[in-house]
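A.B. asks: Quick one: the structure is below, and I'll ask about it shortly.
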Amino acid sequence: MPRAERIFGALAHVRPDRAFAHVGPAMALLNAGRAAEAAQRLQRALPQLAPGEDADTVSALCALALQLEGRTSESTRLLRELLHNAPPDADNDGLRLARRMLGEPQAPASHAPLSP
């Protein structure tokens with residue numbers, strides 16, 4: 001954990017507005033069986049993130065940590081709020097994880113036709 005803390009601490013210092021700076025240490029905590037600490041860390045990170053893909057990813061992983069901690073109702077509430085607040089055409093890793101965790105269908109892939 002100390003090495004991960006140093007690495008991700010440096011990333012958080014340089015790019016506090018990006019998910020990876022917060023997801024890395026949270027995943028290390030989850031792997032160490034410290035879901036409550038992971039959830040707290042991710043909850044503290046959310047205000048630093050602009051709405052969008054990074055915030056969606058951190059929110060979904062926070063919900064996962066809450067679920068692993070046994071706080072299912074809080075996890076479900078966070079996931080539903082995340083999906084409710086997302087723009088109708090939004091689709092990213094965080095939103096896909098939220099849909100999977102709630103057992104909801106995934107958004108259809110929206111790929112532009114390839115140019116010749």
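The values are calculated or read from the model by the stated rules, or taken from the named source; none is laboratory data. All of these numbers come straight from a predicted model, not from anything done at the bench. Reconstructed Cβ throughout: ideal geometry from the backbone, glycine too, with neighbour counts over all protein chains shown.
A.B. asks: Looking only at the stretch 56-65, decide whether some residue is at pLDDT below 95 and of a type outside the set (Ser, Thr, Tyr).
C.D. replies: Step one: of the stretch 56-65, the residues at pLDDT below 95 are none.
Checking the stretch 56-65: not a single residue is at pLDDT below 95 and of a type outside the set (Ser, Thr, Tyr).
A.B. asks: Moving on. Mind telling me which of the residues Leu83, Leu97 ends up being touching a Ser or Thr at 6+ places or on another chain (Cβ under 8 Å), closer than 20 Å to Ala19 by Cα and modelled with pLDDT of 95 or more? Break it down stepwise before answering.
C.D. replies: Values: Leu83 fails: touching a Ser or Thr at 6+ places or on another chain (Cβ under 8 Å).
Exactly one residue qualifies, and that residue is Leu97.
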